[in-house]
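Worksheet for the structure shown next.
The values are calculated or read from the model by the stated rules, or taken from the named source; none is laboratory data. Small disclaimer: the values here were computed from a predicted structure and weren't measured. Every residue, glycine among them, receives a Cβ derived from its backbone with ideal geometry; neighbour counts consider all protein chains shown. Protein only, heavy atoms only, side chains kept; ligands, DNA and RNA dropped before computing areas. Shrake-Rupley method; radii C 1.70, N 1.55, O 1.52, S 1.80 Å.
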Amino acid sequence: MGGGGFSMEPDNLLLDRYVLAQSAKARPRVCFVPTASGDSLNYIERFYAAFRTLDCEPSYFSVFNGPIGDWRDFILSKDVIYVGGGNTRNLLVLWREWGVDEVMRQAWETGIVLAGISAGSICWFEEGVTDSVPGVLTRLKCLGFLSGSNCPHYDGEVNRRPSYQRLLTAKEIGPGIACDDGVALHFKNDALHRIVSSRPDARAYRLTFEGDSAKETQLIPDYLG
């Protein structure tokens, strides 16, 4: 998700409902992973406030203070993993230190639905446009479950579009897909299956090279409303 969901649209849970619907379970077990926010208590509380209104079993997984107990089995027992936004660099450092990245790959390979917003979107790709360094948007190497690059908040933050195009033109980042707030990319395995949105005018964009500049191609999502 480039933006949206319960944390940005608490009165519009279309994307969150869509994520849950990808599980084969009638009442899926969904685990929120707020690592990128430093396991913000407020963020966790907002997750529970939203997902307790939906037909699911919500829980959360804390990494920032160190995972405890049989946390690997805990993650792999879930039907949906939902990664929150925040600082992507901090998320990746902590996941790699604790081996969470390896467990997430195992979860993906066993068919658990992986989802997320902003940092929780970028992290699954080979690389992404991040504001992990305050005041500047840069390229960040990520987990590489999905090929290419990703940029969230394409319409929601004024510097996102020019920064992604600048990085692409300078060949500092590879081709990929950008998402406006309210847009989600739905992959099956590692192939793009569908693009959906919670806002009627929100769009996704495929960014490629054309000569010495970046080419932007608009992609029209299926509006879920």
Open item on the list: What FRET efficiency comes out for Tyr223 versus Gln22 if R0 is 22 angstrom and r is the Cβ-Cβ distance? Round to the nearest 0.05.
Closed with: 0.80
Task: Hull volume in cubic angstrom per residue (convex hull over the Cα atoms of segment 1-61) - done: 82 Å³
- [ ] Among Gln165, Phe47, Gly111, flag the residue with its Cα farthest along the positive direction of the charge dipole of the chain, charges on Cβ as +1 for Lys/Arg and -1 for Asp/Glu.
- [x] Gly111
TODO: Report in % the part of the accessible area of segment 74-225 that belongs to carbon and sulfur, leaving out ligands and nucleic acids; probe 1.4 Å.
DONE: 47 percent
Open item on the list: Let's see if you can work this out: charge +1 on each Lys and Arg Cβ, -1 on each Asp and Glu Cβ, no other charges. What is the dipole magnitude of the chain about its Cα centre, in debye to the nearest 20?
Closed with: 180 debye
TODO: Under a 10 Å cutoff between Cα atoms, tell me which one of Thr88, Thr35, Thr208 has the largest fluctuation in the Gaussian network model of the chain.
DONE: Thr208
- [ ] Give the distance, in whole Å, between the Cα centre of segment 1-55 and the Cα centre of segment 148-200.
- [x] 20 Å
Task: Å³ per residue enclosed by the Cα convex hull of segment 105-188 - done: 86 Å³
Open item on the list: What does the charge count around Glu172 come to, taking other residues whose C-beta lies under 9 Å from its C-beta (Lys +1, Arg +1, Asp -1, Glu -1)?
Closed with: +3
Open item on the list: Can you tell me the orientation of helix 88-98 relative to the chain, as the angle in degrees between its alpha-carbon axis and the longest Cα principal axis, to the nearest 10?
Closed with: 50 degrees
Task: Folded to 0 to 90 degrees: helix 160-169 orientation relative to the chain principal axis, Cα - done: 60 degrees
- [ ] Report the extension gain between Arg72 and Ser213 in nm, rounded to one decimal, defined as 0.36 nm multiplied by the number of residues separating them, less their alpha carbon distance.
- [x] 46.4 nm
TODO: Would you compute, from DSSP H runs of 4+ residues alone, the mean residue ellipticity of the chain at 222 nm, taking -39500 (n - 2.57) per run and dividing by the full residue count, rounded to the nearest 500?
DONE: -7500 deg cm²/dmol
Task: Alpha-carbon Rg with Dmax, taken over the chain, Å - done: 16.5, 53
- [ ] Excluding residues on the same chain fewer than 8 positions from Lys171, give the lysines whose Cα lies under 18 Å from its Cα.
- [x] Lys141, Lys215
Open item on the list: Given bins 5 angstrom wide, list per bin the percent of all Cα-Cα distances in segment 42-168, short to long.
Closed with: 2, 10, 19, 23, 19, 15, 9, 4, 1
Open item on the list: Accessible area per residue for segment 91-157 in Å², computed with a 1.4 Å probe and the full protein assembly in place, what is it?
Closed with: 39 Å²
TODO: Between beta-carbons, use under 15 Å as the cut-off and find the net charge around Gly111, counting Lys and Arg +1, Asp and Glu -1.
DONE: +2
Task: Stretchable slack from Glu57 to Val158, in nm (0.36 nm times residue separation minus alpha-carbon distance) - done: 32.7 nm
- [ ] Compute the signed sum of charges (Lys and Arg +1, Asp and Glu -1) over the other residues within less than 14 Å, Cβ to Cβ, of Leu94.
- [x] -2
